[in-house]
Amino acid sequence: MNDELSIGGRLLVVFDGRCGFCNRAVRWFVRRDSRDRLRFVASESAKVAPLLEQHGIGTEVSGVGPGTILVVKDADGPGEKLLERSDAVVAMLRELPWPWPTVGVGLRWVPRPVRDLGYRLIARWRYRIWGRLESCPLPSEEERERFL
């Protein structure tokens, strides 16, 4: 077992650390995760590279990068499952306190192709609207325990 990814039953969220929108979204989730159910790692981190490669996803190191948000359930466990795009966002919302799980359930009623279309539109324009950062920002002292 990879001790760096041992997160005690929490969801592991892999995000683009250089994306302005992604960083804002992660900060939004951190502020609302009062039950401490999420852990975050930038896709550029060497810690997550073996996990991504295991699932056939390129990394920043390989020059490809996942290009989407990923959520790993049961990381390094027997039931490890990888969720992408809108399914990842829904899984994250369902871990937050009320009313966000209800929002996640509501989004599940929208067919995945429609949800993913919305996700892809935001992903396509995210750098133009929110910018691309030179490097992944460091979390604050209070947030550090939530990042790998």
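Can you work out which of the residues in segment 136-146 that are closer than 17 Å to G20 by Cα and under 17 Å from the mean Cα position of the chain (by Cα) is surrounded by the fewest Cβ atoms within 10 Å (Cβ to Cβ)?
Among residues in segment 136-146 that are closer than 17 Å to G20 by Cα and under 17 Å from the mean Cα position of the chain (by Cα), the one surrounded by the fewest Cβ atoms within 10 Å (Cβ to Cβ) is L138.
The numbered conditions (1) out of contact with any Asp or Glu (no Cβ under 9 Å at 6 or more places or on another chain); (2) surrounded by fewer than 16 Cβ atoms within 10 Å (Cβ to Cβ) are all true for V89 except (2). Among the residues of segment 65-123, the one identified as touching a residue at least 12 places away in the same chain (Cβ under 8 Å), more than 19 Å from G17 (Cα to Cα) and assigned to a strand (DSSP E or B) is K73.
Can you tell me which residue in segment 17-41 is farthest from the chain's Cα centre (by Cα), limited to those that are outside any helix (DSSP H, G or I) and closer than 21 Å to D74 by Cβ? If we take residues in segment 17-41 being outside any helix (DSSP H, G or I) and closer than 21 Å to D74 by Cβ, then R35 is farthest from the chain's Cα centre (by Cα). Suppose the filter is polar (S, T, N, Q), at pLDDT below 90 and either in a loop (DSSP other than H, G, I, E, B) or over 23 Å from I122 (Cα atoms) (or both); does S62 pass it? It is true that S62 is polar (S, T, N, Q), at pLDDT below 90 and either in a loop (DSSP other than H, G, I, E, B) or over 23 Å from I122 (Cα atoms) (or both). In the set (1) more than 20 Å from W28 (Cβ to Cβ); (2) of a type outside the set (A, V, I, L, M); (3) in contact (Cβ under 8 Å) with a residue 24 or more places away in the chain; (4) assigned to a helix (DSSP H, G or I), E134 fails one condition alone, (4). For segment 1-36, the candidate set comprises residues that are buried (at least 20 other Cβ atoms within 10 Å of the Cβ) and touching a Phe, Trp or Tyr at 6+ places or on another chain (Cβ under 6 Å); within that set, the residue that is modelled with the lowest pLDDT is C22.
The values are calculated or read from the model by the stated rules, or taken from the named source; none is laboratory data. Remember, predicted model here, so these are calculated numbers, not experimental data. With ideal geometry, Cβ positions are generated from the backbone for all residues, glycine too; neighbour counts draw on all protein chains shown.
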